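*Asks:* Have a look at this one before I ask anything.
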């Protein structure tokens, strides 16, 4: 996608995500502020992040995916309705907000309305002009991330559109269309955060460090089901101890059986209706590989700790 925005004087829609959320997989609000400050001093920030390859991939695939998304939407139209693709020739701007949106493409539904299936809920019926944003992701097969939705809403704000679509090519080449209506609530938040961003740029007032500290521990002692919860924890710990004990026993048994086969120089053996397999597995030599970068992910890790009452 052609970059129409000037980082020295306006904030591009793709950079609004970290400004609103504070942090995304690509940047923080303070890093975004520094990009603008550097641009004002004539210094262009070169992206050398681990995501540079992913961004390059997206740029090369973008045009083909635009046509694919447009054709899919047009195929959904009734006989008297069409969804046209309009190439962009410049950015859409809100100069009073110092916001700029370089759309991947503009969609136009003519002749009536188009109902777009929504993987996240009820179908969305649209007409007129809408924004199309292309995303590629080799790891995440879920819906668009929050900062991507914020980018699309910023595009709708700048272009004064009422709807938009994020077309995402995910793992295993799964291509999905995610339609969104304009959200005035989210746009209001975007405007507030962008105003604060420019205040911090103009006044050279940095964002505070992002605190990703450990969340507080809540108490469940007041619940009527407290005794049941404690019993579940007790059972869980017993099962965990049994699993550890049996895992150790299983490993001891395996070592003993492996020793028997080693003593008889065998990879396979039969005994009392059982077959023991202990083959030698050979792998061909592999050339050295460069492991591609992976985006940041998050998951929840479960554990139980016993609290010592002091």
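Yes/no matrix, rows are residues, columns are (1) at pLDDT 95 or above; (2) assigned to a strand (DSSP E or B); (3) not assigned by TED's automatic domain parsing to the domain that holds residue 68:
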position	(1), (2), (3)
132	yes, yes, no
135	no, yes, no
151	yes, no, no
154	yes, no, no
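*Asks:* A further question follows. Quick one: in the range 96-109, which of the residues that are in a loop (DSSP other than H, G, I, E, B) and in contact (Cβ under 8 Å) with a residue 60 or more places away in the chain is farthest from residue 196 (Cα to Cα)?
*Replies:* The qualifying residue farthest from residue 196 (Cα to Cα) is 104.
*Asks:* Does at least one position in the range 183-197 carry a residue that is touching a helix residue (DSSP H, G or I) at 6+ places or on another chain (Cβ under 9 Å) and within 23 Å of residue 84 (Cα to Cα)?
*Replies:* no
*Asks:* Sticking with this structure for a sec: Going through the range 156-180 one residue at a time, which ones are out of contact with any strand residue (DSSP E or B) (no Cβ under 6 Å at 6 or more places or on another chain) and at pLDDT below 95?
*Replies:* 170, 171, 172, 173, 174
*Asks:* Of all residues in the range 161-187, how many are surrounded by fewer than 15 Cβ atoms within 10 Å (Cβ to Cβ) and in a helix (DSSP H, G or I)?
*Replies:* Residues flagged as surrounded by fewer than 15 Cβ atoms within 10 Å (Cβ to Cβ) and in a helix (DSSP H, G or I) within the range 161-187 amount to 5.
*Asks:* So, in the range 268-286, of the ones that are touching a residue at least 12 places away in the same chain (Cβ under 8 Å) and out of contact with any helix residue (DSSP H, G or I) (no Cβ under 7 Å at 6 or more places or on another chain), which residue ends up surrounded by the most Cβ atoms within 10 Å (Cβ to Cβ)?
*Replies:* 279
*Asks:* Just need a number here: residues in the range 77-100 that are farther than 20 Å from residue 124 by Cβ and in contact with a helix residue (DSSP H, G or I) (Cβ under 9 Å, 6 or more places away or on another chain).
*Replies:* Result for the range 77-100: 9.
*Asks:* Go through 22, 58 for me and flag whichever is modelled with pLDDT of 85 or more and touching a strand residue (DSSP E or B) at 6+ places or on another chain (Cβ under 9 Å).
*Replies:* Sole residue among the options that is modelled with pLDDT of 85 or more and touching a strand residue (DSSP E or B) at 6+ places or on another chain (Cβ under 9 Å): 22.
*Asks:* Which one of these is within 22 Å of residue 18 (Cβ to Cβ) and out of contact with any strand residue (DSSP E or B) (no Cβ under 8 Å at 6 or more places or on another chain): 150, 134?
*Replies:* Only one candidate qualifies: 150.
*Asks:* Right, something else. Name the residues in the range 188-199 that are surrounded by fewer than 17 Cβ atoms within 10 Å (Cβ to Cβ) and within 21 Å of the chain's Cα centre (by Cα), would you?
*Replies:* Answer for the range 188-199, where residues must be surrounded by fewer than 17 Cβ atoms within 10 Å (Cβ to Cβ) and within 21 Å of the chain's Cα centre (by Cα): just 189.
The values are calculated or read from the model by the stated rules, or taken from the named source; none is laboratory data. What you see is a predicted model; the values in this text were computed from it and never measured. Cβ atoms come from the backbone with ideal geometry, glycine included; neighbour counts cover every protein chain shown.
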